[in-house]
1. Arranged from highest to lowest average of other beta-carbon atoms within 10 Å per residue, in what order do the peptides 63-71, 100-108 appear?
2. Need the list of lysines near K40 for cross-linking: C-alpha distance under 27 angstrom, and skip anything on the same chain fewer than eight residues off.
Amino acid sequence: MNKEAIIKVEGVSVSFWQNNVGVYSLKDLITKRKSPFKSKTILNNINVEVFRGQSLGIVGRNGSGKSTLLRTIAGIIKPQKGTITVNGTFAPILAIGAGLELELTGYENISMLLALYGTKNSQGNSIEKISEFSELTDEVLAMPVKQYSSGMVARLAFSISLANDSDILIIDEVLAVGDQGFQAKCMEKIYEIKRQGKTILFVSHFPDDVLKICETAILLENGRITHAGDAKEICNNYKKLF
């Protein structure tokens, strides 16, 4: 593995404001004697380095900060403290349907997202190849996405993201959606991307899936990294939490 750091997270903390006392109008806000809002820390002093070609698993119980960490690395969330350095392009699969415009057809979404990714059809990521991978018919791809089932949305979103020739693939707890045949197809595509030496960040509640893809992992608990290292060891530590 090339020991060039492609992602460097240094001292990153993320907090969100929460409404804890039921303020739902301006009158409620004025009549409260103290501020109804309270800051909740989601990530607390996160430090992690990911090397080019590395596959890193991120595990932890619900609310531990896994998805927030991925969104912060992807630039969707800005940290209050710390810095994140990314030396490459990435294709995030952060939620089923994220980035898709519901009023547009499947074909229009493919064209739009390829343009946003800066990907040209001549580079092998053609509309035809994406539609073929998704196994959606021409009739379905000509329909507005708002008419799709959740399984169809999953197929389209995965197919577009996996076709993006980026340095880093970010996957957040979405492999369980869709039928088993398509899940297996997506997993094989991820293996192919891994063999190409791409970097993968993979969040999952299923340790077996993490072990299939990742050599190393981190365990998050209450917004902190409690364990980091070999994926098998980290997954065992994760299982002990239940």
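1. Details: 63-71: 20.9, 100-108: 16.7.
So the order, starting with the most tightly packed, is 63-71, 100-108.
2. Within the straight-line cut-off, K40 pairs with K8, K27, K32, K66, K78, K81, K239, K240.
No value in this document is a laboratory result; all are computed from the given coordinates. What you are looking at is a predicted structure, and each value in this text was computed from that prediction instead of being measured. Note: ideal-geometry Cβ built from the backbone for every residue, glycine included; neighbour counts use all protein chains shown.
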